[in-house]
Amino acid sequence: MPTDTPNSVDETEVIKDDWCDPDEPKTIKFQDISAAAFKIKNGIVRTDCAKSYGLSTETGVELFFKREFLHHTGSFKERGARYTLMMLNQAQKKIGVIAASAGNHALALAYHGQDLGIPVTVVMPIIAPLMKVTNCKTYGATVLVQGADIGESREIALRIGKKDGLTYINGYDHPHILAGQGTMGLEMLEQVNDLDAVVIPVGGGGMIAGTALAIKTLDPNVTVIGVESERCASFTASLKAGKPTYTPASPTLADGLAVPMVGVNAFATAAPLIDKMVVVSEEYIALAILRLVEMEKFVVEGAGATGLAAVLAGLLPELKGKRVVLPLCGGNIDTTILGRCLERGLAVDGRLCRFVVVVSDRPGGIAELTRCVAGLGVSIKDIYHERAWLKGDIFSVAVKCVVETRGWDHAHELERVLTEHYGSSNLSWGPRT
């Protein structure tokens with residue numbers, strides 16, 4: 001006799017998300033974005049979009065930063081989360097919703113679910129930052145830390161949702177999510193006159209889908225550019241294939257963009273509207289985070305800094321002299337990761353370098369090296385002596401130094417002086433990466 005109850009789920013059954021069907025993708029319309037803007041206007045922060053004078057001068061592009069990290073939970077995800085929750089019927093609101101997320105989507109649902117009185121359950125992978133797990137609980141969500149990655153967490157969430165009657169909300173592909181994210185595009189056009197282009201970070205595709213639709217509908221002349229991390233360029237691969245395509249993801253500073261397969265609805269909506277896609281390296285993402293901290297006093301996560309990274313990397317020369325909006329879409333970066341990003345950014349900028357030089361191990365050998373370095377105004381941050389594995393004479397020592405310089409010109413001057421003083425055969429030089 002069968003023992004299954006109405007709420008039980010066959011563990012071998014493949015459970016689909018009815019809102020995100022690869023065979024029948026749902027494209028949103030401009031009216032959906034307008035409706036979302038009206039419904040969420042009293043529950044969402046209208047973030048500033050101000051010009052960056054320093055970075056505009058440095059890059060030659062008139063840059064305006066849309067400060068999406070100023071939302072209550074630190075990311076643009078709140079727009080779509082609130083609208084999707086508000087669009088539930090009364091029965092769904094009473095039972096509650098479930099989602100799989102490693103961070104920003106979970107935080108947004110938890111916060112607005114608490115505000116709207118809707119129960120929220122989030123399944124977070126074991127790699128999710130502890131801070132985000134704790135904050136979700138603080139906002140009243142039921143948090144399940146299960147799954148090795150977001151893919152496994154999604155399968156778990158879908159099964160729980162079917163078993164308990166919870167509505168599953170995909171954080172980057174649910175049609176209401178796309179419509180909610182599109183409200184950012186409406187604000188951009190209101191806040192920046194004579195807009196020439198927008199540069200949008202791309203992960204699952206939800207933000208660029210909604211934003212591109214809003215902007216292209218109201219001003220088709222605005223150029224829409226998407227940016228991905230080189231560690232997971234799934235949207236670029238999907239455009240080449242003509243459909244959402246699985247792309248392996250590697251660890252990246254822009255962890256919020258590491259979505260192996262873009263959303264089917266997001267792809268169907270965004271693909272015809274995107275003018276250009278570029279892929280940016282990890283080094284320039286780190287440099288962008290550094291620039292935002294130093295010049296704007298903004299703490300932005302890697303995903304939020306990719307637009308600026310593309311500009312700094314010289315990938316968008318056609319934007320010189322243009323008025324361009326970059327959404328800084330999130331500020332939820334782990335503190336330890338921030339420290340690493342800043343160091344890596346300094347290395348890319350030529351302001352943190354390392355070298356190994358072989359010097360005399362007799363008294364005064366190290367002192368002579370430090371005088372040489374100090375004479376150029378270079379600061380030694382770390383120094384290490386190596387004797388055991390040196391293949392030279394017994395009276396020599398290899399000295400590894402990490403130093404701080406003013407930039408690449410200063411660093412190259414130091415390299416030249418060290419080479420002249422100790423010889424190129426005794427010097428190993430490179431930026432700290």
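The values are calculated or read from the model by the stated rules, or taken from the named source; none is laboratory data. None of these values were measured; they are calculated from a predicted model. Every residue, glycine as well, gets a Cβ built from its backbone with ideal geometry; the counts of neighbours run over all protein chains shown. Surface accessibility is based on the protein's heavy atoms, side chains included, excluding ligands, DNA and RNA. Shrake-Rupley method; radii C 1.70, N 1.55, O 1.52, S 1.80 Å.
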For Leu63, are the conditions met, namely being under 30 Å from Leu292 (Cα atoms), among the aliphatic types (A, V, I, L, M), at pLDDT 95 or above and buried (at least 24 other Cβ atoms within 10 Å of the Cβ)?
-> yes
List every residue pair whose Cβ atoms lie under 7 Å apart, where the two residues are 6 or more positions apart in sequence or sit on different chains, the first residue falls within segment 181-210 and is more than 23 Å from Ser229 (Cα to Cα) and among the charged types (D, E, K, R), and the second residue, located anywhere, is open to solvent by less than 10 Å² (accessible area, probe 1.4 Å) and modelled with pLDDT of 95 or more.
-> Asp196/Val222; Asp196/Val324
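When the residues of segment 96-130 are filtered to those that are among the polar types (S, T, N, Q) and over 18 Å from Gly43 (Cβ atoms), which remaining residue is modelled with the highest pLDDT? Explain how you work it out, then say what you get.
Residues of segment 96-130 among the polar types (S, T, N, Q): 101, 104, 114, 121.
With the extra rule that they be over 18 Å from Gly43 (Cβ atoms), the set shrinks to 101, 121.
Details: Ser101: 91, Thr121: 97.
Out of the qualifying residues, it is Thr121.
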Can you pull out the residues in segment 250-262 that are buried (at least 21 other Cβ atoms within 10 Å of the Cβ) and under 23 Å from Val311 (Cα atoms)?
-> Leu253, Ala254, Asp255, Gly256, Leu257, Ala258, Val259
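Please find, within segment 104-128, the residue that is nearest to the chain's Cα centre (by Cα) out of those that are in a loop (DSSP other than H, G, I, E, B) and more than 15 Å from Lys77 (Cβ to Cβ).
Here is the first cut: in segment 104-128, the ones in a loop (DSSP other than H, G, I, E, B) are 117-119, 125-128.
Then keep just the ones that are more than 15 Å from Lys77 (Cβ to Cβ); that gives 117-119, 125-127.
On the way: Gly117: 30, Ile118: 28, Pro119: 28, Pro125: 18, Ile126: 19, Ile127: 16 Å.
Per the criteria, the residue is Ile127.
So if I check each of Glu318, Glu282, which one is within 30 Å of Lys243 (Cβ to Cβ) and out of contact with any helix residue (DSSP H, G or I) (no Cβ under 9 Å at 6 or more places or on another chain)? Walk me through how you get there before you give the answer.
On the way: Glu282 fails: out of contact with any helix residue (DSSP H, G or I) (no Cβ under 9 Å at 6 or more places or on another chain).
The match here is Glu318.
Identify, please: which residue in segment 390-410 is touching an Asp or Glu at 6+ places or on another chain (Cβ under 6 Å) and small (Gly, Ala, Ser) and is, among those, surrounded by the most Cβ atoms within 10 Å (Cβ to Cβ)?
Kept after step one, since they are touching an Asp or Glu at 6+ places or on another chain (Cβ under 6 Å), are these residues of segment 390-410: 395-398, 402.
The next check asks that each one be small (Gly, Ala, Ser); those that pass are 396, 398.
Details: Ser396: 17, Ala398: 20.
Among those residues, the one meeting the criterion is Ala398.
Yes or no: segment 85-95 includes at least one residue that is surrounded by 21 or more Cβ atoms within 10 Å (Cβ to Cβ) and either under 29 Å from Ala310 (Cβ atoms) or free of Cβ contacts under 8 Å to residues at least 24 places away in the same chain (or both). Steps first, please.
Within segment 85-95, the first condition is being surrounded by 21 or more Cβ atoms within 10 Å (Cβ to Cβ), and the residues that meet it are 85.
Still in the list and also either under 29 Å from Ala310 (Cβ atoms) or free of Cβ contacts under 8 Å to residues at least 24 places away in the same chain (or both): none.
For segment 85-95, residues surrounded by 21 or more Cβ atoms within 10 Å (Cβ to Cβ) and either under 29 Å from Ala310 (Cβ atoms) or free of Cβ contacts under 8 Å to residues at least 24 places away in the same chain (or both): absent.
Quickly run through segment 39-60 and pick out the residues that are open to solvent by 40 Å² or more (accessible area, probe 1.4 Å) and either part of a loop (DSSP other than H, G, I, E, B) or not polar (S, T, N, Q) (or both). Give the steps one after another, and end with the answer.
First, pick out the residues of segment 39-60 that are open to solvent by 40 Å² or more (accessible area, probe 1.4 Å): 39, 41-42, 45-46, 48, 51, 53, 57-58.
Result: Lys39, Lys41, Asn42, Val45, Arg46, Asp48, Lys51, Tyr53, Glu58.
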Spans of helices (runs of 4 or more DSSP H) in segment 231-326 with at least 3 residues of a type outside the set (Gly, Ala, Ser) and farther than 20 Å from Cys341 by Cβ = 234-241, 264-270
